[in-house]
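The values are calculated or read from the model by the stated rules, or taken from the named source; none is laboratory data. Predicted model only: the values in this text are computed from it and were never measured. Neighbour counts are summed over all protein chains in view; Cβ atoms, including those assigned to glycine, are modelled from backbone coordinates with ideal geometry. Ligands, DNA and RNA are excluded from the accessible area calculation, which covers all protein heavy atoms including side chains. Shrake-Rupley method; radii C 1.70, N 1.55, O 1.52, S 1.80 Å.
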Amino acid sequence: MSRPTRRQVLHGGAAALAAAALAAPAAFADTPAARPAHGHGHAPGAERVGDHEMPEPFDEMYQGRHIEGWPAAAAGAHDTGRQAHGGQAERHVGQAGPHEGMDFVVRIDNDDLHVMRNADGTWISLVNHYETFTTPRALARAAVRQLQGADLVPVVTG
């Protein structure tokens, strides 16, 4: 009976390691750790966008800054307040509104913070672009901490 060569043992070990690495995500998918965390699960009556629910609106003071957020579909109701404060709420034909293409609007001291939803349901902003957050509220609070009292500079597009 012949013994396996060193090369055969190494190839077999590499194949087993590759198979384990490929099977791990499938085995992990149905564990409690893979299930949605608090704030990610589907709450009764929550609005859903795509595969993810829309977070709840918020309006609060955090570290001396006014933070607020709401679904962008409801942005029209919030923009009417800008008209009363001298802002320009009118939209020109063919010109996109300030929240066009956004799922959720977040403001810090009445200045828009550009936020984006990742495919996994987490959120990022221009202030914390390389750090993900479970909700826009957590994202706004982190942006306030990162700004350290500085004003939020609006993003100019187009």
Practice prompt. Can you work out which of the residues in the range 126-141 that are closer than 17 Å to Pro57 by Cα and either assigned to a helix (DSSP H, G or I) or without any contact (Cβ under 8 Å) to a residue 60 or more places away in the chain (or both) is farthest from the chain's Cα centre (by Cα)?
Written response: Arg141
Discussion item. It is to be established whether one or more residues within the range 113-132 are surrounded by fewer than 16 Cβ atoms within 10 Å (Cβ to Cβ), modelled with pLDDT of 90 or more, under 22 Å from His66 (Cβ atoms) and polar (S, T, N, Q).
Written reply: no
Worksheet item: Looking only at the range 133-158, which residues are among the small types (Gly, Ala, Ser) and open to solvent by 20 Å² or more (accessible area, probe 1.4 Å)?
Response: Ala138, Gly149, Ala150, Gly158
